[in-house]
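Asker: Below you'll find the structure I mean.
The values are calculated or read from the model by the stated rules, or taken from the named source; none is laboratory data. None of these values were measured; they are calculated from a predicted model. Don't worry about glycine lacking a Cβ; one is built from the backbone with ideal geometry, like all the others, and counts go over all protein chains shown. Surface accessibility is based on the protein's heavy atoms, side chains included, excluding ligands, DNA and RNA. Shrake-Rupley method; radii C 1.70, N 1.55, O 1.52, S 1.80 Å.
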Amino acid sequence: MGKTGYFTHRDFWKHDMGRGHPECPERLDAIEDRLLLTGVSDALEHCDVPLATLEQLTRAHSVEHVELLEELHMRLVADEPAGGPDHAQLDPDTSLNRFTLLAARRGAGAAIAATDAVIAGDIENGRASCRERVLRLV
């Protein structure tokens with residue numbers, strides 16, 4: 001049996017949808033804890049997770065979509081020192097914080113890196129442990 005690549009990054013924990021939302025960083029903690037407890041973590045090939053480039057993102061999304069997310073991100077970062085909001089709402093169930101764009105680019109990067117590694121024969125299959133809402137953004 002071939003190696004399974006495991007793609008995760010601490011940037012995924014920084015994405016936070018706000019208090020009480022079920023899509024939370026603790027979900028990743030639960031996955032990590034279970035992998036360690038069962039010993040599965042030792043059997044995985046832990047792989048680097050690059051940031052997806054703008055060119056890669058625009059293969060799946062319009063430039064306008066990516067620019068909208070970047071504008072929301074920049075507004076959050078710029079308004080933070082003046083006591084601005086912690087989150088920007090994209091729809092009734094999806095928000096982003098100042099780290100969401102970074103996590104989203106890592107999520108796309110994880111999917112791309114896993115695919116490339118399987119095609120290259122470096123691993124047999126891959127698992128990206130990132131955040132559901134992050135992947136919806138990219």
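Asker: Being over 17 Å from the mean Cα position of the chain (by Cα) and basic (Lys, Arg) narrows it down to one residue among Arg59, Arg98, Arg127; which is it?
Answerer: The unique qualifying residue is Arg59.
Asker: Shifting gears a bit: Among the candidates Glu23, Glu64, Glu32, which residue alone is open to solvent by less than 60 Å² (accessible area, probe 1.4 Å), more than 19 Å from Thr4 (Cα to Cα) and charged (D, E, K, R)? Explain how you work it out, then say what you get.
Answerer: Details: Glu64 fails: open to solvent by less than 60 Å² (accessible area, probe 1.4 Å); Glu32 fails: more than 19 Å from Thr4 (Cα to Cα).
Within the list Glu23, Glu64, Glu32, the selection yields Glu23.
Asker: Continuing with this model, one more query. Given the conditions (1) within 23 Å of Thr100 (Cα to Cα); (2) out of contact with any Gly (no Cβ under 9 Å at 6 or more places or on another chain), and given that Phe12 satisfies all but one, which numbered condition is not satisfied?
Answerer: (2)
Asker: How many residues does the stretch 1-15 hold that are over 12 Å from Cys130 (Cα atoms) and open to solvent by less than 60 Å² (accessible area, probe 1.4 Å)?
Answerer: Keep residues of the stretch 1-15 that are over 12 Å from Cys130 (Cα atoms), which gives 1-5.
With open to solvent by less than 60 Å² (accessible area, probe 1.4 Å) added as a condition, the list becomes 2, 4-5.
Here the count works out to 3.
Asker: Only one residue in Val66, Val49 is in contact (Cβ under 8 Å) with a residue 12 or more places away in the chain, over 18 Å from Lys14 (Cβ atoms) and in contact with a helix residue (DSSP H, G or I) (Cβ under 6 Å, 6 or more places away or on another chain), so which one is that? Walk me through it before giving the result.
Answerer: Values: Val49 fails: over 18 Å from Lys14 (Cβ atoms).
Every option except Val66 fails the conditions.
Asker: While we're here: Being within 15 Å of Ser129 (Cβ to Cβ), of a type in the set (Asp, Glu) and either touching a Leu at 6+ places or on another chain (Cβ under 8 Å) or open to solvent by 60 Å² or more (accessible area, probe 1.4 Å) (or both) is the requirement here; does Glu71 meet it?
Answerer: Numbers: within 15 Å of Ser129 (Cβ to Cβ): no; of a type in the set (Asp, Glu): yes; either touching a Leu at 6+ places or on another chain (Cβ under 8 Å) or open to solvent by 60 Å² or more (accessible area, probe 1.4 Å) (or both): yes.
No, not satisfied.
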